[in-house]
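The values are calculated or read from the model by the stated rules, or taken from the named source; none is laboratory data. Just so you know, these numbers come straight off a predicted model, no measurement behind them. Here Cβ is always computed from backbone atoms with ideal geometry, including for glycine, and neighbour counts include all displayed protein chains.
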Amino acid sequence: MGGGNPGLLADSVGKDILVAKKDNAQMVDNGSTEVSKSSDSNSSRVIKSDATKSDIVRDKTTIDDNSRTKVPEFTAQANNKKVVSDANRAKLTANDAQTKSAQQTAKFDAANSNTLVVQQTKKLTGNAKYKLADSKAQTDSNYSVTDNYPEGLMTYLPSDFDNKQEYAFEWLRNEINNNIILTTNRTGDGVVYVYQDGKKVGTYLAQNSSYTLHDTTVYNDNFAGIVQSNGYPLNIIYSSHAKDVDDAWYSTVSFFVPHKIPQTVTYKDSNGNVIDSLTHTQDGLTGQSYTTGLPSGSKYVQKGEYLANITHNGSGLISEFHHGYTCTKNYHDGISVEFTETDSKETGIGTMDYVIYESGYDGSKKAVQSGSLAYGQSTDYANDSGEYTIVNPYVPQTTNIVYQYKKLGNVVNIDPKGNTTTTRYTNDPNDPTKVEPINVPSIPGYTTKVNDKTVSDKTIMPADPGQDMYITYSADPQKASVTYVDDKTGKTIETKELEGVSNGHSDYSTSATIKSLENKGYVKVSDDTNRIERNVDTNYE
């Protein structure tokens, strides 16, 4: 590459990015460059500058498909030092949107996903599903653990690849379309195998060892490592620690070797006690998809209680993170970063303390920067070798999944006379999240209300099984009429119209009208108005 290997370091999980390096040099995207001498007379450093493009002239080097010159270069007139050109660098690393913004666009999906999301430009659709069946936990109808391989991955593994024994967790492709796939044993022992274009080339890569294939070296540390290319740059196609990947090119990609993670699903009653008979365990490898299922069936029904929440981490991707979890990223250039999950009260779950170390020539290790990063936060560090963006690698933990029961609510029936009857909801016999429909009695002459809202249905399903439902009745408007009739002729002499409500009492009196009629010669035969109670529209004679 024109006397050096400019490149971009990328973490396929947290997207820790070291800006392009060249023999102890670094590159910063800014549309223009200048070269300044560092303390090492044999090194140069590309830095931000206000220099215009007229300060730089294009080298005559071109790309030839048959005898490929990997990176055309610019020559700075000021001191004749070679630096990577912005115009051609797009073939090697990334443009502004793929470098500085790569870590800025990395963001976490808090809702249902528990993995780092990085803006992607390629569609990955899983088509190589593999369901573990090495224990009952893995075959229960409500629980599953499956591989999450992207489309095409199996194409670049041998036809006799034993997917029951090995798990593919990283897929890289270099600039000339060589495909490198890393796998590990499903036992979770941390061993790494290296495949290239359908052949196993790294037969057994134990922890703290490395394997070199042509110009590419794979370092397997303690459940973490890097793939370093001294030739063609690398593109991340798939990583078990990342849901989506970007389309940038890197000289170095860091990775995590999947752990075998046990999951415990517990159910707690309304008093906070664990219901031992419902406790469930299963295990899986980092990056596999899992589900604990939607609990259903009479087994999960607890009398007088309901399943209050479908837990936020009831399904997603397997993650090894938990309080006290530690991991180390070693860039194999003298820089390493150690993380410890602390779950700070101030900044919340997922907070991680970090310590950056620089290694000396004698093997000593010196802490040069430390601090605390909340979930999704990052910090920067720079030395003579380059600039690093250190990103909190946390993804929501999936080791402990808790379902919570709460007490059922009641139906409170208040009749028109104010008498109250309270009855606890009845469990749905097959669904722990629901109750049986509530019967709503109707009373003639009254409007039925549930929680102060008029209803006409004979049954109602509570909106919240934990909240009480109040059934009340309001008297309907009613009319009554009093008719005075001539007993001999049957003709109506006079009529009075009255209004009120059901079971309401009228203050109307017939005495004045009767007295007036008696003065006209009528004699009262009968008077039924002493029983006027307006249950329904009524006519009294």
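Listed residues Y331, Y290, Y354, Y267; which is in contact with a helix residue (DSSP H, G or I) (Cβ under 7 Å, 6 or more places away or on another chain) and either among the aromatic types (F, W, Y) or in the same structural domain as T423 (by TED's automatic domain parsing) (or both)?
Y267
Per the listing Y375, Y354, the residue uniquely in a loop (DSSP other than H, G, I, E, B), on the phi < 0 side of the Ramachandran plot and surrounded by 14 or more Cβ atoms within 10 Å (Cβ to Cβ) is Y375.
Sub-7 Å Cβ pairs linking a first residue in region 144-164 that is under 20 Å from K260 (Cβ atoms) to a second residue that is aliphatic (A, V, I, L, M), at least 6 apart or interchain, are V145/L132; D147/A128; N148/L317; Y149/A128; Y149/A168, ordered by first then second residue. Residue count for region 413-423, restricted to those that are surrounded by fewer than 15 Cβ atoms within 10 Å (Cβ to Cβ) and part of a strand (DSSP E or B): 4. Does region 166-187 include one or more residues that are under 30 Å from L278 (Cβ atoms), of a type outside the set (A, V, I, L, M, F, W, C) and assigned to a loop (DSSP other than H, G, I, E, B)? Checking region 166-187: at least one residue is under 30 Å from L278 (Cβ atoms), of a type outside the set (A, V, I, L, M, F, W, C) and assigned to a loop (DSSP other than H, G, I, E, B). Restricting to region 446-464, give me the number of residues that are under 39 Å from the mean Cα position of the chain (by Cα) and of a type in the set (K, R). Residues that pass the stated criteria total 1. Screening region 424-470 for residues that are without any contact (Cβ under 8 Å) to a residue 12 or more places away in the chain and part of a strand (DSSP E or B) and picking the one that is surrounded by the most Cβ atoms within 10 Å (Cβ to Cβ) gives T454. The listed residues are G202, G231, G188, and the only one of them that is in contact with a strand residue (DSSP E or B) (Cβ under 8 Å, 6 or more places away or on another chain), surrounded by 18 or more Cβ atoms within 10 Å (Cβ to Cβ) and over 19 Å from T286 (Cβ atoms) turns out to be G202.
Residues are listed down the side, and each one gets a yes or a no for (1) out of contact with any Asp or Glu (no Cβ under 7 Å at 6 or more places or on another chain); (2) of a type in the set (S, T, Y); (3) not in a loop (DSSP other than H, G, I, E, B):
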position	(1), (2), (3)
Y473	no, yes, yes
K479	no, no, yes
G490	yes, no, no
T495	yes, yes, yes
L498	yes, no, yes
S509	yes, yes, no
A512	yes, no, yes
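In region 173-219, of all residues being touching a residue at least 60 places away in the same chain (Cβ under 8 Å) and polar (S, T, N, Q), the one that is farthest from H241 (Cα to Cα) corresponds to N174.
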